[in-house]
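Any read-out appearing in this document is the output of simple, stated calculations on the displayed coordinates, not a laboratory observation. For clarity, every value in this text was computed on a predicted model and none was experimentally measured. All Cβ positions, even for glycine, are placed from backbone atoms using ideal geometry, and neighbour counts span all protein chains on display.
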Amino acid sequence: MFNLTVAILDTDFYALQAITGYLALDRRTRVVKAVESQAQLLDYLAACAAPERPNVILLDADHAGTAHELAALLHRLAELAPGAMLMCLAQAVDPSLVAAAAHAGARGYFLKGDVRYQISWAIVFAAEHEFVITRSVSERAANLFDGRLFRATVLPAPRQYPEMTERIRQAIRLCVVEGMPAQLAADEMGISPHTVRSYIKEGYRILEAHNDLEFPLDMSAQERAFYRFTMPEGWRGSLVGRRLRPAV
């Protein structure tokens with residue numbers, strides 16, 4: 001499987017913790033640095049020996065400043081971490097920042113509300129495409145006449161499982177994605193722990209019956225459910241032995 005090392009810059013402490021937690025659930029990504037300021041990130045990268053540099057840098061674009069300042073930051077990051085995939089995260093879509101990121105060579109521009117717990121899939125998907133954006137970014141940037149944006153690939157939404165009721169989906173999200181114990185999930189949902197466990201069991205059955213994704217042999221049922229629940233619509237193939245597209 002992939003072993004992508006990730007550095008994260010986000011000025012929002014709670015967003016930083018959430019992103020770090022979601023990436024930690026996925027074997028393909030490993031967070032090596034999480035910081036709240038540009039200075040911290042730049043100092044970290046400047047001190048990194050080449051073998052220790054992250055493969056991926058997730059950047060909070062909302063607080064990078066103007067479009068010019070965002071582009072300058074991306075260029076500086078590219079100098080300090082040659083070959084790293086630079087990806088922007090944003091709370092809201094600013095078309096000028098999207099255009100600046102595209103021109104500066106970013107591999108992705110994601111709205112946080114669009115990716116959420118799908119963040120690892122977003123990184124892996126971007127690793128195999130030239131430039132990836134989420135649907136909200138695509139809609140807001142549709143009027144920008146930019147070649148790289150025109151060729152951008154829209155990150156597919158998480159795969160839908162028609163048999164899965166909203167209550168089963170909620171139980172999977174709380175227990176599998178958020179890692180909540182059945183008792184706490186039961187309190188959240190207003191049902192018994194036994195019912196939560198029955199929802200989880202049925203959710204596993206649905207996920208396995210409608211998904212032929214190949215997994216490493218040592219992966220637990222909970223891990224397999226996490227990947228299946230968060231995977232993009234239309235993804236085909238294996239999680240074993242896939243090659244990443246080289247950074248551009």
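In table form, for the structure just shown:
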item: Fewest-first ranking of 227, 199, using other Cβ atoms within 10 Å as the exposure measure; result: 227, 199
item: P(r) tail fraction, region 37-89 - alpha-carbon pairs more than 14 Å apart, %; result: 49
item: Fraction of antiparallel bridges per DSSP, the chain only, in percent to nearest 5; result: 5
item: C-alpha center-to-center spacing [region 89-115, region 3-45] in angstrom; result: 17
item: Alpha carbon Rg of region 141-190, scaled by the compact-globule rule 2.2 N^0.38 Å; result: 1.87
item: FRET efficiency estimate (nearest 0.05) - Cβ-Cβ, residue 14 to residue 220, R0 30 angstrom; result: 0.60
item: Lys, Arg +1 and Asp, Glu -1 on Cβ, resulting dipole of the chain about Cα centre, debye, nearest 20; result: 640
item: Translational diffusion of region 166-230, µm² s⁻¹ [Kirkwood Rh, Cα pairs; Stokes-Einstein; 37 °C; 0.692 mPa s]; result: 276
item: Average silhouette area of region 108-148, convex hull of alpha-carbon atoms, in square nanometres; result: 2.8
item: Per-selection Kirkwood Rh - region 60-106 (Cα, Å, 1 d.p.); result: 10.5
item: Helical segments meeting 18 Å axial Cα length and Kyte-Doolittle -0.5 threshold in the chain (DSSP H); result: 67-80
item: Mean projection area, nm², convex hull over Cα of region 96-239; result: 9.8
item: Calculated Rg and Dmax of the chain using C-alpha coordinates, Å; result: 18.7, 55
item: Cα point-scatterer Debye curve for region 44-165, base-10 log of I(q)/I(0) at q = 0.10, 0.17, 0.18, 0.20 Å⁻¹; result: -0.30, -0.82, -0.90, -1.09
